[in-house]
């Protein structure tokens, strides 16, 4: 019955654009809760620069290695018209607050785009000014309505910025998923070729899909290219890359120190991490 009630509530939220409660269940989220919330935007719907986005709500711990609560207040449009997506600690420092909790922002483009054609998808964005271990800002595309392992799953990470490595920007291509394994290309340059403004200036981060090839650009220059058919069957590549794509813009907080992740130090300051997006564009790829 509880699952049925959750399904009805989720359907009403999706149908009428209602705002769900921002807090998740007490304690670690259970599988039923995560089944309804993981990878789904269930909050306020809003328009920015002609695109329709929806905010996330609920417990971020449904996503592996994450912590915090998705908060509508951590997604806003500032006085200059920029979309600002933040992560913040819920209590001040150095005042004692026990185990600190975090509020985080994440949005998803409502209508998938660019199915079956070659495209260029870009962002003009500024990274958080005060870097601190434990956070990551990301601009990425996914071709599924709900994030899960699927043979036709695809993910294009246009920008991943880990705040404990402020001089580096990462990108990655992920194609197909079977039994929790998938094919990936990771690009982790030692340092970014920062132009005017340095790491905290506005820069242009772009992914370009042309046939079975995916390229990543920084301020107009291609710095990485992945040819999908070099690794997996061309038919699978086409099936994945030709699906419509949606965009997710977020700033996350990590819950552990697994792999590339580093959790925040609870005894140190955690300055608010704000990813500022000035522009987003989606258009057919230029002819070569």
Query raised in the report: Of 91, 62, how do they rank once you tally other Cβ atoms within 10 Å and put the fewest first?
Result: 91, 62
Report task. Rounded to the nearest Å, what's the spacing between the alpha carbon centres of segment 155-170 and segment 233-252? Just the number, please. Result -> 19
Report summary line: The exposure ranking of 241, 217, fewest beta-carbon neighbours within 10 Å first, is 217, 241
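Order by neighbour count: 59, 167, 179, fewest other Cβ atoms within 10 Å first, most last.
Ordered by Cβ neighbours within 10 Å, fewest first: 179, 167, 59.
Computed from the coordinates by the stated procedures, all read-outs in this text should not be read as laboratory data. All figures in this text were calculated on a predicted structure; none of them were measured in a lab. Positions of Cβ are backbone-derived with ideal geometry, glycine not excepted, and every protein chain shown enters the neighbour counts.
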